[in-house]
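Values in this text are rule-based calculations from the coordinates and carry no lab data. For clarity, every value in this text was computed on a predicted model and none was experimentally measured. Heads up, the Cβs are rebuilt from the backbone with ideal geometry, glycines too, and the neighbour counts pull from every protein chain shown.
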Amino acid sequence: MAEMNPVKKVRRDIKHPWGKSAPLDNEYLTRQAECFSNGVKISLETKLGKIKLRNPVMVASGTFGYAEEFAELVDLKKLGAIVTKTITLNPRKGNLPPRIVETPCGILNAIGLENPGVEDFIQEKLLFLKKIGVPIIVSIGGDKIEEFVELTRRLSKEEGISGLELNISCPNVQQATSHKPQATSQKLIAQDEDATYELVKAVRENTNLTLIAKLSPNVTDIVTIAKSAVKGGSDALSLINTFSAMAIDIETRKPKLGNIIGGLSGPAIKPLALKTVWEVAQQIDIPIIGMGGRLFEKK
Amino acid sequence: MIIQILSKVISNTQIVENYFKMCLDAPAVAQKAEPGQFIYVHTSDGYQPLLRRAFSIHNIRREKRENREQMEILYKVRGEGTRILVEKKAGEKLDIIGPLGKGFTLYPLPSTLYPVLVGGGVGIAPLVFLAQNLAKNQKPKTKNRILVLIGAKTKKEILCKDEFERLGCEVKVATDDGSQSFKGKVTELLEEILAPSSKLQAPGRELKKPVTCSLQPVACIYACGPSPMLKEIAQLAQQYKIPCQVSLEERMACGVGACRGCVLKVVPPPPSPLLRSPQDFIYKRVCKDGPVFETGEIIWE
């Protein structure tokens, strides 16, 4: 598996020595797997809203495309659920290259939500996803609440979708009309508690699908935002999206990314992500999907 | 079929200063590989560097004793990943994924016309594998009519000349400093060869350095090297109306087309070429839709 795929793990209430709400870690899963191989049966089943997962290992949106890209490399059926790359109402070309920069133990990306738009997604990508046999969670994004609502209505009509992840936290989106590099960071929905509440609520009123709000770490107090999402009707939370960041080429004295700024992921951010998950888990009761810096490793 | 395996390093030797050849035992990958495809190598054992490194497949050879197909890569030491790779000893294991990407598509050629392979620097790497396949596919009558142009900075950095000659190719060399053969860029050498057999030579362009070459006229071009070189070759191909494919180099993340990190601007496909504005473009993924592209579709920056 390519290194850039963080693995999400769903938090469950496990009796850990360090407290009830400690997030699942690799060690714990390994121990479970050991018991499994010794003939002891342990259920890894997890629930996210209405979605039943055979195990709590998921892929983070944007790292796994629409799953078909990895079909030859990974047994897709082994995943607990698949979260797609973010879909928007209309197709998006994405940002100017370079879109990826390697940083110490991390990756800086500014893809800019390149995607074929919801109609092409349904006609081309969803057909493959439906056949895999694991719950499919479609990540959706947009500039306005109305776009999220329209996407929700459209996707709720389709069979084979178990849930929606609301990408209200992508740090790399510019205004959809311009295609110039632009450093001015607009405020994200996930950076405003009222906007978060309004959006989740509006989407909630339009679907019965499980809703997962994906939050940004680029805030002063993520707990406040998390509470707004819960109040709006989110069934679970994805924590976290990438950290807003940049890199400069010291030779050319120019930013390395075409978009100037991007989002940092990879092992470099794992301790930061973990702390966020822990912080939010103290305060809310809905499941948290932890992500950031998680890698698949083949032994 | 894409495969991820831990492959054994069979050898890792310096061929000239800064250039290394690594032979890997990965028969499953080697059997499926096509010229122009690449393998994606995890150079470190940890998180630094985090991303894999892409190397085009340089050569497939059959090891006689064990009757297994071995695969070679040719690389230049220039960064963090390749500096780690240099340290790998025979017997060590390397995590690789491959074969990846879309390689060269061989043009069907009439027997009177010949392909020319143009490689600049370490860009020569995939062309050896391509020449093997071209030689294999040629009819006995036209056998070994492949022209190879090698570009190097100096005499010392001329790569793979012997390999091509062993395959029966006609090899021409261009060195930047003139320390061997033609003095100048490999693109200039290409033009010297294209121009005499064509009426499409740019007006006012004088050819000062006559190059004798038994293989003329050229039917198609396959090239790999630094981007400015490929851009010039694309221009020549357009001017002389010769089909041309180039293998591009780009930093990648996932390597399988999922992340959309390594995109390239290309001309949108039909059906509406007339309605198309000159600014119109689409992005293609170098790792999945490439790394080999027809030069006609690339929008050069």
Based on the Cβ-Cβ distance of residue A:159 and residue A:231, what FRET efficiency does E = 1/(1 + (r/R0)^6) give at R0 = 41 Å, to the nearest 0.05?
0.85
Between the alpha carbon centres of segment B:1-41 and segment B:44-86 the gap in Å comes to 5
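Could you tell me which of rounded, prolate or oblate describes segment A:47-290, using a ≥ b ≥ c as the square roots of the eigenvalues of the alpha-carbon gyration tensor, with rounded for a/c under 1.5 and, failing that, prolate when a/b is larger than b/c and oblate otherwise? Don't skip to the end; give the middle numbers.
Numbers: a/c = 1.38, a/b = 1.23, b/c = 1.12.
Rounded is the answer for segment A:47-290, as its axis ratio a/c remains below 1.5.
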Give me a comma-separated list of calculated 3J(HN,Hα) values for segment A:213-227, in order, Karplus coefficients 6.51, -1.76, 1.60 applied at θ = phi - 60°, integers in Hz, x for any Gly or Pro.
7, 9, 9, 9, x, 7, 9, 6, 9, 6, 4, 4, 5, 4, 5
Phi-based couplings in Hz for segment A:112-125 (Karplus 6.51, -1.76, 1.60; Gly and Pro marked x)
x, 6, 4, 6, x, x, 5, 5, 5, 4, 5, 6, 9, 7
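Rounded to the nearest 0.05, what FRET efficiency do residue B:77 and residue B:8 have when you use their Cβ-Cβ distance and R0 = 22 Å? The partial results should precede the final answer.
Details: r = 21 Å, r/R0 = 0.98.
About 0.55, to the nearest 0.05.
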Which value at 222 nm does chain B reach when only helices count, each DSSP H run of 4 or more adding -39,500 (n - 2.57), with the total divided by all residues and rounded to the nearest 500 deg cm²/dmol?
-5000 deg cm²/dmol
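For residue B:231 and residue A:221, what does the FRET efficiency come to when R0 = 51 Å and r is the distance between their Cβ atoms, rounded to the nearest 0.05? Don't skip to the answer; put the middle values down first.
On the way: r = 50 Å, r/R0 = 0.99.
The calculated FRET efficiency here is 0.50.
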5 Å is the cut-off here: which amide hydrogens, built 1.01 Å from N in the peptide plane, fall below it relative to residue B:102, excluding neighbours closer than 5 in sequence?
B:290, B:292
With +1 on each Lys and Arg Cβ and -1 on each Asp and Glu Cβ, how big is the dipole of chain B about its Cα centre, in debye rounded to the nearest 20?
460
Karplus (6.51, -1.76, 1.60) ³J(HN,Hα), θ = phi - 60°, over segment A:272-283, in Hz, Gly and Pro reported as x
5, 5, 4, 5, 5, 4, 4, 4, 6, 4, 5, 10
Label point distance in nm, residue A:143-residue B:17, each placed 7 Å from Cα along Cα→Cβ:
5.6
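Taking neighbour counts of Cβ atoms within 10 Å as a proxy for exposure, in what order, fewest first, do A:228, A:61 appear? Can you show the working numbers first?
Working: A:228 23, A:61 27.
Listing A:228, A:61 from fewest to most nearby Cβ atoms yields A:228, A:61.
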Neighbour counts of other C-beta atoms within 10 Å: give me B:75, B:283 arranged from fewest to most.
B:283, B:75
With a 10 Å Cβ neighbour count serving as the proxy for reagent exposure, in which order, fewest first, do A:161, A:107 appear?
A:161, A:107
